[in-house]
Amino acid sequence: MADIFERLIKNYGPIGQHREHAHGYFAFPKLEGDIGGRMIFRGKEVIVWSLNNYLGLANHPDVRKADAEGAARFGLAAPMGARMMSGNSNYHEQLEKELAEFVMKEDAALLNYGYQGMSSLIDALCSRHDIIVYDAESHACIVDGLRMHAGHRYVYKHNDMADLEKQLQRATTLIEKQKAGGILVITEGVFGMAGDQGKLKEIAALKETYEFRLLVDDAHGFGTLGKTGAGAGEAQGVQDKIDLYFSTFAKSMASIGAFIGGERKIVDYIRYNIRSQIFAKSLPMPLVIGNLKRLELLRTRPELKEKLWGNARKLQSGLKAHGFDIGNTDSPVTPIYMTGGVEEATAMVMDLRENYHVFCSIVVYPVIPKGHIIYRLIPTAVHTDADIEETLRAFDETKKTLDAGKYKAASIPDMADASA
Ligand SMILES: Cc1ncc(COP(=O)(O)O)c(C=O)c1O
């Protein structure tokens, strides 16, 4: 018999295998100081591009005040128990009502976390006869929800409407044959790695030919897209065609929690049947109070969204003008595509952090194909022109070093915390 623990420590996984060199630097870095465009990393100030603090609410004075007051008044314990049993409050219900209005849906239900909530939502919605048709680049929370689904799931190539239609035809034929079940299409409002929007308008148009319900994870679009900030559906003029609108509070709201909005009867069904909420303690009161304040700012401070977009445009047009490939982003998410090995990528990140004081995330093999490097920059409303200009210069100079082959090395640099 194999010992499970022995097997685990033979292979720590794609990123874990580098932990001895990487822990505390390339993985599990500690950013300190007030959350903003500049923070402290290993004792030095860095320009930070890796936080989804889109509207800069993480350290907004009104938000900090509401969070502190919520904690002082209620503590972290309240309310005790699951919503259904003993953990409900007027504040939870008020937040649901305001969220529903904000995303133009009849009702909304709070979820404790986006990841868990989405997985559990898929489980709550679908029976074994139902078929789920989903985008190939769906977030892990959707993929993990699919793993709980006992019925068929058909994947379509990322944002490929011809392939989606093919999968809808397949699904429709099977459902007619089994004489049971329906179709749920799942996509994202904005794909968090590449920054491209899901083709919600085109997907909604397919409803004229095929019968299905549409669930959209708009984690990155909520608060950042659309005239009022209601997200990618609003930006594309099809918010009313989204049957279930989902977002986390972890991005533009810089908080914790999530919600699902839709038709009242369906949201009620979800309330009474979603296992991640029924069998878990309710969202703590300070978070609910803090989220009410954040939502108020989303509604009443459109200038935050404008500032975010101003910064996103400056960063993206600056990168393009310097000859960088940023793909097809149509959101603030800003990827930079480059080629190089894992060792080169880590050496470049180190140079960026140590000598240019620019801190951003990278993705390398085996998460993406060998030889490719993706940097991902998240502009926010609290970045300054100086942050953007310094970052453009840093990328310009380090890219030249990369292209000259000067980052080539036999192994990734050893940057682990001394205590790791
Ligand atoms: C598209 C998407 N869905 C869901 C989640 C998970 O949300 P949470 O952090 O609230 O668990 C994330 C990341 O945070 C995300 O990017």
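A short reminder: the numbers here are calculations on the coordinates, not readings from a lab. This is a predicted model, so every value here is computed, not measured. Note: ideal-geometry Cβ built from the backbone for every residue, glycine included; neighbour counts use all protein chains shown.
Return the tail of the calculated pair distribution for the chain, meaning the percent of Cα-Cα pairs more than 31 Å apart. The calculated P(r) of the chain puts 45 percent of pairs beyond 31 Å.
Semi-axes of the equivalent ellipsoid for segment 32-73, computed as √(5λ) from the eigenvalues of its C-alpha gyration tensor and ordered from largest down, come to 24, 12, 7 Å. In terms of surrounding Cβ atoms within a 10 Å radius of their Cβ, F41, F259, F279 rank from fewest to most as F279, F41, F259. If you build a Gaussian network model of the chain, linking Cα atoms that sit under 10 Å apart, which residue out of G226, G192, G56 swings the most? Of G226, G192, G56, the most mobile in the Gaussian network model is G226. Distances between every pair of Cα atoms in segment 70-123, grouped in 5 Å steps from 0 to the bin holding the largest one, split as 5, 15, 20, 26, 22, 9, 2, 0 percent. Computed from label points 7 Å out along Cα-Cβ, the spacing between V367 and F279 is 3.0 nm.
Quick one: which of K44/K199; K10/K251; K157/K241 span more than 32 angstrom between C-alpha atoms? Beyond 32 Å: K44/K199; K10/K251.
Using every pair of separate Cα atoms, the Kirkwood estimate puts the hydrodynamic radius of segment 160-294 at 16.4 angstrom. Translational diffusion of segment 60-300 was estimated from the Stokes-Einstein equation, with Rh taken as the Kirkwood radius over Cα pairs; at 20 °C and 1.002 mPa s the coefficient is 118 µm²/s. Charge dipole (Cα centre; +1 on Lys/Arg Cβ, -1 on Asp/Glu Cβ; no other charges) of the chain amounts to roughly 480 debye. Based on every Cα atom in segment 1-85, Rg and the maximum pairwise Cα distance Dmax equal 20.0, 58 Å. Extension gain, M80-R313: 0.36 nm per intervening residue step, less the Cα-Cα distance, totals 79.4 nm. Under 18 Å Cα to Cα from K314, which aspartates and glutamates show up? Leave out anything in the same chain fewer than 8 places away. Of all the aspartates and glutamates, those that pass the test against K314 - Cα under 18 Å, at least 8 places apart if same chain - are D196, E303, E306, D325, D330, D385, D387, E389, E390, D396.
Working note: Cα atoms of segment 301-420, range along each principal axis, descending, whole Å: 49, 34, 25. Here the ratio of the Cα radius of gyration of segment 256-369 to 2.2 N^0.38 Å is 1.56. Positive end of the charge dipole of segment 266-412 (Lys, Arg +1 and Asp, Glu -1 on Cβ, about the Cα centre): tell me which of T334, N273, P379 has its Cα farthest that way. So the residue furthest toward the plus end is N273. Of all aspartates and glutamates in the structure, the ones whose alpha carbon falls short of 13 Å from that of K400, not counting any fewer than 8 places away in one chain, are E344, D351.
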